[in-house]
Amino acid sequence: MERNINFDKWKWVQIKKNKQSTVWEQETTPSGWLTTVRKNKTNYIRVPGLINGERAVSDSLIFRQDVEKEEDNQIFHFYLTGNTLMTIDLEFTSFNQIPPEVILRQLNMTDNAVDGFLFLLGELVNDLLVEIDQFEESLHRLMWGVKKKNEMRILEHVFEQRHELMVCKNLLIPIQELKMAIEETDFPQVNNGEIFSRTCKRIDRAQVLLQAYGQELDSIINLEEVISSHRGNEIMKTLTVLTTVFTPIMALGALWGMNFRHMPELEWQYGYLIAVLLIVTSTLLLYRYLKTKGWTGDLLKGKKQDSFLK
């Protein structure tokens with residue numbers, strides 16, 4: 001199916017992927033473009049210069065990506081001149097936040113194909129901004145989840161959010177490149193226009209948000225590293241102190257647990273009492289020594305209920 005939309009000042013041609021190109025399309029685009037561009041599966045922006053005396057920008061842009069499956073993405077191909085926009089696999093259903101009739105009305109108000117393409121690009125960025133808003137809500141829950149219940153599942157959620165953020169950034173980078181390509185091409189009366197300015201501001205807003213949320217995630221990851229390091233140190237300190245404190249009990253217990261025939265302590269009348277007192281006294285003296293040196297830290301102090309380090 002091909003949809004040829006003639007506006008007052010320019011034309012939008014939508015081509016389905018499996019449709020054969022017409023003579024008009026072959027003459028309007030570079031030789032073999034319609035055949036080769038369909039093989040592109042990744043982002044690819046090209047500024048070919050003057051084609052048939054017209055400035056042009058092409059080729060492929062991934063505008064949506066599933067965060068779980070690498071191969072599950074949506075891509076469209078385009079060829080843009082001042083008077084014509086040709087797209088492959090960019091339908092009205094590609095836009096989530098604006099109905100088709102509004103798209104047609106707004107496009108009909110634009111002065112040229114470049115402004116029309118910039119309007120469509122701005123709406124794709126607007127869809128990305130909606131996803132970023134949803135990401136913000138999830139990040140807010142994660143931030144307080146670290147505070148309320150810090151556990152391994154929270155750490156896994158942190159890295160899931162980090163991956164989702166990287167996917168969003170990966171979608172935005174080629175859009176930024178496309179914006180620079182349009183600036184480089186220097187279409188007449190476009191770079192200083194209202195639509196170009198609005199689209200650029202949306203792209204910049206998305207970039208600022210992603211950068212800020214990336215810094216927040218980095219802070220959460222750093223916090224998790226500090227907490228994990230502190231917990232590991234506390235565990236090692238606890239095991240070391242307990243082992244040291246109970247060394248007299250283990251040593252004396254091993255000594256008097258021997259089965260040698262000649263052990264004079266076995267004949268003492270108060271040997272048991274002396275052994276108990278010796279064990280208790282040596283344990284207390286050793287603990288006091290560790291306490292005086294400050295090596296026990298806050299092992300015996302209770303932690304607050306809402307503490308990050310509990």
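Here ILE220, ILE249, ILE175 are screened, and the one residue that is touching a residue at least 40 places away in the same chain (Cβ under 8 Å) and over 20 Å from LEU80 (Cα atoms) is ILE220.
Residues that are among the charged types (D, E, K, R), closer than 23 Å to ARG46 by Cα, in a helix (DSSP H, G or I) and in the same structural domain as GLN14 (by TED's automatic domain parsing) do occur in region 111-123.
Within this structure, ARG141 fails the test of being assigned by TED's automatic domain parsing to the domain that holds TYR213, within 26 Å of ASP8 (Cα to Cα) and basic (Lys, Arg). I'd like the residue in region 289-299 that is within 15 Å of PHE246 (Cβ to Cβ) and not aromatic (Phe, Trp, Tyr) and, out of all such residues, is modelled with the lowest pLDDT. Among those that are within 15 Å of PHE246 (Cβ to Cβ) and not aromatic (Phe, Trp, Tyr), it is LEU299. In region 1-24, the residue that is surrounded by the most Cβ atoms within 10 Å (Cβ to Cβ) out of those that are at pLDDT 80 or above and in a strand (DSSP E or B) is ILE15.
Inspect all residues belonging to region 89-107 and state whether any of them is closer than 18 Å to VAL190 by Cα, surrounded by 15 or more Cβ atoms within 10 Å (Cβ to Cβ) and free of Cβ contacts under 8 Å to residues at least 24 places away in the same chain. So far as region 89-107 goes, yes, one or more of its residues are closer than 18 Å to VAL190 by Cα, surrounded by 15 or more Cβ atoms within 10 Å (Cβ to Cβ) and free of Cβ contacts under 8 Å to residues at least 24 places away in the same chain. Inside region 206-232, residues that are charged (D, E, K, R) and either modelled with pLDDT of 95 or more or over 22 Å from the mean Cα position of the chain (by Cα) (or both) make up a count of 1. The set of residues in region 235-258 being outside any helix (DSSP H, G or I) and either closer than 25 Å to LYS293 by Cβ or touching an Asp or Glu at 6+ places or on another chain (Cβ under 7 Å) (or both) consists of PHE246 alone.
Scan region 191-209 residue by residue and report those that are touching a residue at least 12 places away in the same chain (Cβ under 8 Å) and within 16 Å of PHE117 (Cα to Cα). Scanning region 191-209 gives GLY193, ILE195, PHE196, ARG198, THR199, CYS200, ARG202, ILE203. Taken over region 108-133, the criterion of being more than 21 Å from ASN73 (Cα to Cα) and surrounded by fewer than 19 Cβ atoms within 10 Å (Cβ to Cβ) is satisfied by ASN108, MET109, ASP111. Among the residues of region 88-118, those that are closer than 14 Å to TRP10 by Cα and of a type outside the set (A, V, I, L, M) comprise ARG105, GLN106, ASN108, THR110, ASP111, ASN112, ASP115, GLY116, PHE117. The residues listed here are GLU136, GLU123, GLU131; of these, the one that is in contact with a Phe, Trp or Tyr (Cβ under 6 Å, 6 or more places away or on another chain) and closer than 18 Å to ARG202 by Cα is GLU123. Looking only at region 259-269, decide whether some residue is outside any helix (DSSP H, G or I) and of a type in the set (Lys, Arg). Yes, because at least one residue in region 259-269 is outside any helix (DSSP H, G or I) and of a type in the set (Lys, Arg).
The values are calculated or read from the model by the stated rules, or taken from the named source; none is laboratory data. All values derive from a computational prediction rather than experimental measurement. Positions of Cβ are backbone-derived with ideal geometry, glycine not excepted, and every protein chain shown enters the neighbour counts.
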